[in-house]
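A.B. asks: One structure coming up, written as structure tokens, with questions to follow.
The values are calculated or read from the model by the stated rules, or taken from the named source; none is laboratory data. All of these numbers come straight from a predicted model, not from anything done at the bench. Note that we place each Cβ from the backbone using ideal geometry, even for glycine, and neighbour counts take in every protein chain shown. The accessibility values were calculated without ligands, DNA or RNA, using every heavy atom of the protein model including side chains. Shrake-Rupley method; radii C 1.70, N 1.55, O 1.52, S 1.80 Å.
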Amino acid sequence: MQVTMTVNGTEVTRDVEPRLLLVHFLRETLGLTGTHWGCDTSNCGTCVVLVDGQPVKSCTTLAVMTDGHEVRTVEGLADGATLDPVQQGFMAEHGLQCGFCTPGMLLTARALLDRDPDPDEATIREAISGQICRCTGYATIVRSVRWAAEHPVGAPEQPAEEVPA
Amino acid sequence: MTTVQERSALPQEREPNPALTAPDRPIGFGRVQRKEDPRFVRGRGRYLDDIVLPGMLHGAVLRSPLAHARLVSIDTTEAAAHPGVHAVITGADLERLNLAWAPTLSNDVQAVLATDKVRFQGQEVAFVVAEDRYTARDALELIDVEYEELPPVVDVRRALDPGAPVIRDDLEGRTDNHVFDWEAGDAAETDAVFASADVVVSQEMVYPRVHPAPMETCGAIADYDAVDGRLTLYETTQAPHAHRTLFAMVAGIPEHKIRVVSPDIGGGFGNKVGIYPGYVCAVVGSIVTGRPVKWVEDRSENLMSTAFARDYVMRGEIAATREGRILAVRTTVLADHGAFNATTQPTKYPAGFFSIFTGSYDLQAAHCSVTGVYTNKAPGGVSYACSFRVTEAVYLVERMVDLLADELDVDPVELRLANFIRPEQFPYRNKTGWEYDSGDYEPALRMAMELVDYAGMRREQAEKRACGELMGIGVSFFTETVGAGPRKHMDIVGLGMADGAEVRVHPTGKAVVRLSVQTQGQGHETTFAQILAEELGIPPEDVDVVHGDTDQTPFGLGTYGSRSTPVSGGAVALAARKVKDKARAIAAAVLETRPEDLEWEKGRWHVAGDPSIGKTMTEIALAAHGTVELPEGIDGNLDAEVTYDPPNLTFPFGAYICVVDVDRGTGKVHVRRFVAVDDCGTRINPMIVEGQIHGGLADGVGMALMEFIGFDEQGNCLGGSFMDYLIPTAMEVPDWQTGYTVTPSPHHPIGAKGIGESATVGSPPAVVNAVVDALAPFGIRHVDMPCTPARVWEAVQGRPTPPI
Ligand code: FES
Ligand code: FES
């Protein structure tokens, strides 16, 4: 089947098997390996991408279901060399360790801040409750999202090595 | 021994960021952003499944649906004929290559693909290699296997019954399911102390089977080049060098022809130490097809077949005087090792370091005996951030101390304080033979009490109890033992537990350090750069850390058991000191003086008495590679290499206090607060240290309240997906409060002790002690993990049930 969708601002058209999952379409057909896969049962959220701005588990979505829609992956978060505040926040507040859950967490955080620019801790925890991080114990992820809320887009970017060595 | 105590900030306050407060902050240790983060936040990590090689095929494993059955026949005709399938490999094929069985890390053998019987649900039976992953899975459905069911051994307590089905009839002369008996301590002395003690408390407790479940599952890509006989093996492994050596032994490929690459790893926690049948199948698949073969397991495969953790049925006893002096502990353990003994621990310690179960207390006697048995369950056994069974040991003793406090009717904190090993007793040899390097326990516990407001919490609890609400406060104090070797005592299948580092300073003063250990998220690229930076006085951003590739790094046993900083960290520091000494000789040559006339200031050798005359590391590096005439015995570089054999283990410790509320109607436990005070000796990057602690605390809450790999009577795995195997989300864990003390290890080059597993080890007893404390009004003495709502509710109803 042919699908056409916008991925990170670029329109793509491909022939795919009807059963192809969106996660495999992104990772294998398009080579966008920033989106991960971590479970068989739609529980872990390492596969989360934004479809029309909403967090969606791409392991539970067929590629053909996103025909005509807009998909945003972690590769589409930064604006060129300028990182999205959520990316900066995760670096500043140690919101990641192995980095495997991170792309999904970043996208959920972006969607949350788009609808609620100043979320409290409980709201942040609820927003990421469909996603598992096995490394961080979540507190630093919450702080990272708060950091991003306090440094919205348009604010001068923190240097990559905010705390230089 | 000097003991340095630093008090941490008050509750909720974060460690001050030195970069923000001191522009001329010292180079080296301190809170520094991680070097690995810029690629991860951009989705530019390179994990195993991200790697695509030209012509790569995909493998999938057919697994046994039964826990115990004889293999009658396997028909692969239809699968082999399926379009897109390149090979179907069975145990019979591997038998012809002498690869059907592989040695485990515990001197046992494990089936790669079953030949005679299947011995656990999920065991590997056949391997399909196909054009893509969907086709490989389709073909699995077309393989026809006939099984003859056998009765399984599921209950570990029945495994040694006379007449129990013999699981390992592949082993010659085997008539039962016994694996090993092991003991430590003096049984007679311990019995004598128990016989004359005023008070003896005993309790059966189960540390149930759990799973590390890293977010990235296990996998491998094998690329065998038949022309030059070279195997490149990409693997999700925490121990690339050990794997290469074992592959050389197993597959008969010479070691110098094998390159193991461990790319970015999406969490390990011990799950990625062993060699799994899928890795071997990928290698065989590549040899058979002449193309690279990728195999990545799915989540059910990960949970059902790869290394589990714990599974100890323990009976603990504690003896004390009526006044609250703890005299002795004694325990017997039945250890479920599954169908193959594939645990990972030093060879001489079949029960890991469980004999550290004397905890943080000064005792007169102790004895433990552990019996390992086979059951029809997945093999594995030491993983999930456990430091070689220290997790089980700490849980046992910390529960027993709470039970004793209950019996004596004293506060559990006071009982601990009265029995701690005192600072002046270090180095302290405990009754099972371990020598604790350093410790100062009371300040850590007092800090935790202050952070949580212990007295205030007890007051609140009394008020809540008065109106029928269930609130619990749980304390645990742990002593960890990590950083194995020394190699003369500790080896894994004959390989001594040492690790290496190579340091090279380039002519422009930038440096590279190559490590034998492998990060899975711990931030080695940052921490090890900081260690070198601290020693040489060059900025960490000028240091590149290379790891995870056996072609590029020195030999060593890898990252597990919180070994990296204690062992490879020692290697880096000592290699840096060699470089520093060499730099001194070269600087002296340049300055036309004697090395002994030079003094070190961070990053620079200068003339003693005249600091204006000196050479920086950058200048010295250029000189080393330049034209200056070098002193006798100094060659023209600034390189050094060290394999570090630790003189002893290190003994981090900590005090944890957990506050829970229990819903008496539903049995649901809510973790309201968790305070953790850790002492891991020297803290290299406090941000990373704190991150390691946070992650371990979440693990501990998970194990205490929800994580469980259970089995039904037929041996069906009941924890085989994330629907069944519950892991805490952000909703189940609190905002952690941390504090720290610093008691450096006296024998370690930088005084660091390792932190990776402390919180996983220390937190489960704090949570369970809190749950039991909450249920005290019902006269409940013990609830086994996981303290699920159902089990807590049953306990409240007076019908406590063990998990297995
Ligand atoms: S891969 Fe686990 S939820 Fe999508
Ligand atoms: S950072 Fe490893 S799973 Fe979240």
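A.B. asks: Picking from B:Val206, B:Val193, B:Val153, which residue would you name as being among the β-branched types (Val, Ile, Thr), more than 14 Å from chain A (Cβ to nearest Cβ), assigned to a loop (DSSP other than H, G, I, E, B) and more than 16 Å from ligand 2 (Cβ to nearest atom)?
C.D. replies: After ruling out the rest, the residue left standing is B:Val153.
A.B. asks: OK, next. Could you tell me whether any residue of the stretch B:258-267 is in contact with a Gly (Cβ under 9 Å, 6 or more places away or on another chain), assigned to a helix (DSSP H, G or I) and surrounded by fewer than 24 Cβ atoms within 10 Å (Cβ to Cβ)?
C.D. replies: No, the stretch B:258-267 has no match at all.
A.B. asks: Given the condition in a strand (DSSP E or B), within 18 Å of A:Gly99 (Cα to Cα) and not assigned by TED's automatic domain parsing to the domain that holds A:Cys98, answer yes or no: does some residue in the stretch A:17-36 qualify?
C.D. replies: no
A.B. asks: In this structure, does B:Ala335 turn out to be of a type in the set (A, V, I, L, M) and either outside any strand (DSSP E or B) or over 21 Å from B:Val761 (Cβ atoms) (or both)?
C.D. replies: no
A.B. asks: Out of A:Ala78, A:Ala109, which single residue is more than 7 Å from every other protein chain (Cβ to nearest Cβ) and either without any contact (Cβ under 8 Å) to a residue 40 or more places away in the chain or within 16 Å of ligand 1 (Cβ to nearest atom) (or both)?
C.D. replies: Matching residue, one of A:Ala78, A:Ala109: A:Ala109.
A quick yes/no check of all residues on (1) over 30 Å from B:Gly681 (Cβ atoms); (2) among the small types (Gly, Ala, Ser):
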{"position": "B:Phe29", "(1), (2)": "no, no"}
{"position": "B:Pro38", "(1), (2)": "no, no"}
{"position": "B:Arg63", "(1), (2)": "yes, no"}
{"position": "B:Ala87", "(1), (2)": "yes, yes"}
{"position": "B:Glu95", "(1), (2)": "yes, no"}
{"position": "B:Ala102", "(1), (2)": "yes, yes"}
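A.B. asks: Of all residues being of a type in the set (Ser, Thr, Tyr) and under 29 Å from B:Ala498 (Cα atoms) in the stretch B:599-644, which is nearest to the chain's Cα centre (by Cα)? Just the residue, please.
C.D. replies: Filtering the stretch B:599-644 for residues that are of a type in the set (Ser, Thr, Tyr) and under 29 Å from B:Ala498 (Cα atoms), the one nearest to the chain's Cα centre (by Cα) comes out as B:Tyr644.
A.B. asks: Restricting the search to the stretch B:450-497, which residues are open to solvent by 30 Å² or more (accessible area, probe 1.4 Å) and in a helix (DSSP H, G or I)?
C.D. replies: B:Glu450, B:Ala455, B:Arg458, B:Arg459, B:Glu460, B:Ala462, B:Glu463, B:Lys464, B:Arg465, B:Ala466
A.B. asks: What's the number of the only condition in (1) more than 30 Å from B:Tyr644 (Cβ to Cβ); (2) within 22 Å of the chain's Cα centre (by Cα); (3) surrounded by 24 or more Cβ atoms within 10 Å (Cβ to Cβ) that B:Thr729 fails to meet?
C.D. replies: Tallying (1) more than 30 Å from B:Tyr644 (Cβ to Cβ); (2) within 22 Å of the chain's Cα centre (by Cα); (3) surrounded by 24 or more Cβ atoms within 10 Å (Cβ to Cβ), B:Thr729 fails exactly one: (3).
A.B. asks: So, of the residues in the stretch B:272-299 that are within 14 Å of another protein chain (Cβ to nearest Cβ) and out of contact with any Cys (no Cβ under 7 Å at 6 or more places or on another chain), which turns out to be farthest from B:Ile89 (Cα to Cα)?
C.D. replies: B:Asp298
A.B. asks: Something else: Kindly indicate the residue of the stretch A:13-38 that is free of Cβ contacts under 8 Å to residues at least 24 places away in the same chain and closer than 26 Å to B:Asp264 by Cβ and also nearest to the other protein chains (Cβ to nearest Cβ) among those meeting that condition.
C.D. replies: A:Thr33
A.B. asks: Any residue in the stretch B:353-377 that is of a type in the set (S, T, N, Q) sitting within a Cβ distance under 6 Å of a residue that is surrounded by fewer than 24 Cβ atoms within 10 Å (Cβ to Cβ) and part of a strand (DSSP E or B)? List the pairs, counting only those 6 or more apart or interchain.
C.D. replies: Close Cβ pairs (under 6 Å, with a partner that is surrounded by fewer than 24 Cβ atoms within 10 Å (Cβ to Cβ) and part of a strand (DSSP E or B)) amount to B:Ser355/B:Ala184; B:Ser360/B:Phe420; B:Gln364/B:Leu327; B:Ser369/B:Glu183; B:Ser369/B:Thr332; B:Thr371/B:Asp181; B:Thr371/B:Leu334.
A.B. asks: How many residues does the stretch B:401-449 hold that are over 20 Å from B:Glu323 (Cα atoms) and either open to solvent by 50 Å² or more (accessible area, probe 1.4 Å) or in a helix (DSSP H, G or I) (or both)?
C.D. replies: Count: 15.
A.B. asks: Give the residues of the stretch B:285-329 that are among the β-branched types (Val, Ile, Thr) and either closer than 28 Å to B:His211 by Cα or in contact with a strand residue (DSSP E or B) (Cβ under 6 Å, 6 or more places away or on another chain) (or both), sorted by residue number.
C.D. replies: Hits for the stretch B:285-329 are B:Ile287, B:Val288, B:Thr289, B:Val293, B:Val296, B:Thr306, B:Val313, B:Ile318, B:Ile326, B:Val329.
A.B. asks: Being under 27 Å from B:Met723 (Cβ atoms) and among the charged types (D, E, K, R) is the filter; apply it to the stretch A:112-132 and report the residue that is farthest from the other protein chains (Cβ to nearest Cβ).
C.D. replies: Here the residue is A:Glu126.
A.B. asks: Do you know which of the residues in the stretch B:478-510 that are in contact with a helix residue (DSSP H, G or I) (Cβ under 9 Å, 6 or more places away or on another chain) and small (Gly, Ala, Ser) is nearest to B:Val675 (Cα to Cα)?
C.D. replies: Top of the filtered list is B:Gly483.
A.B. asks: Okay, moving on. Only residues that are more than 7 Å from every other protein chain (Cβ to nearest Cβ) and open to solvent by less than 70 Å² (accessible area, probe 1.4 Å): list them for the stretch B:37-46, please.
C.D. replies: B:Arg39, the sole residue that qualifies.
A.B. asks: Yes or no: B:Thr332 without any contact (Cβ under 8 Å) to a residue 40 or more places away in the chain and open to solvent by 10 Å² or more (accessible area, probe 1.4 Å)?
C.D. replies: Spelling it out, B:Thr332 is indeed without any contact (Cβ under 8 Å) to a residue 40 or more places away in the chain and open to solvent by 10 Å² or more (accessible area, probe 1.4 Å).
A.B. asks: Out of A:His94, A:His69, A:His36, I need the residue that is within 16 Å of ligand 1 (Cβ to nearest atom) and not charged (D, E, K, R). Which one?
C.D. replies: A:His36
A.B. asks: Of these, B:Glu713, B:Glu707, which one is within 16 Å of ligand 2 (Cβ to nearest atom) and more than 10 Å from chain A (Cβ to nearest Cβ)?
C.D. replies: Being within 16 Å of ligand 2 (Cβ to nearest atom) and more than 10 Å from chain A (Cβ to nearest Cβ) holds for just one of B:Glu713, B:Glu707, which is B:Glu707.
A.B. asks: Hey, can you tell me all the residues within the stretch A:39-59 that are more than 13 Å from B:Gly266 (Cβ to Cβ) and within 7 Å of chain B (Cβ to nearest Cβ)?
C.D. replies: Within the stretch A:39-59, A:Asp40, A:Thr41, A:Asn43 qualify.
A.B. asks: Filter the stretch B:498-528 down to residues that are open to solvent by less than 10 Å² (accessible area, probe 1.4 Å) and more than 21 Å from B:His241 (Cβ to Cβ) and give me whichever is farthest from the other protein chains (Cβ to nearest Cβ).
C.D. replies: My answer is B:Val505.
A.B. asks: B:Thr743 - would you say it is in a loop (DSSP other than H, G, I, E, B) and out of contact with any Pro (no Cβ under 8 Å at 6 or more places or on another chain)?
C.D. replies: yes
A.B. asks: Any residue at all in the stretch A:41-63 that is buried (at least 17 other Cβ atoms within 10 Å of the Cβ), β-branched (Val, Ile, Thr), within 16 Å of ligand 2 (Cβ to nearest atom) and part of a loop (DSSP other than H, G, I, E, B)?
C.D. replies: Yes, because at least one residue in the stretch A:41-63 is buried (at least 17 other Cβ atoms within 10 Å of the Cβ), β-branched (Val, Ile, Thr), within 16 Å of ligand 2 (Cβ to nearest atom) and part of a loop (DSSP other than H, G, I, E, B).
A.B. asks: Restricting to the stretch B:498-526, and then to whatever is outside any loop (DSSP other than H, G, I, E, B) and within 16 Å of ligand 2 (Cβ to nearest atom), can you tell me which residue is farthest from B:Val689 (Cα to Cα)?
C.D. replies: Applying the filter and picking the extreme gives B:Glu525.
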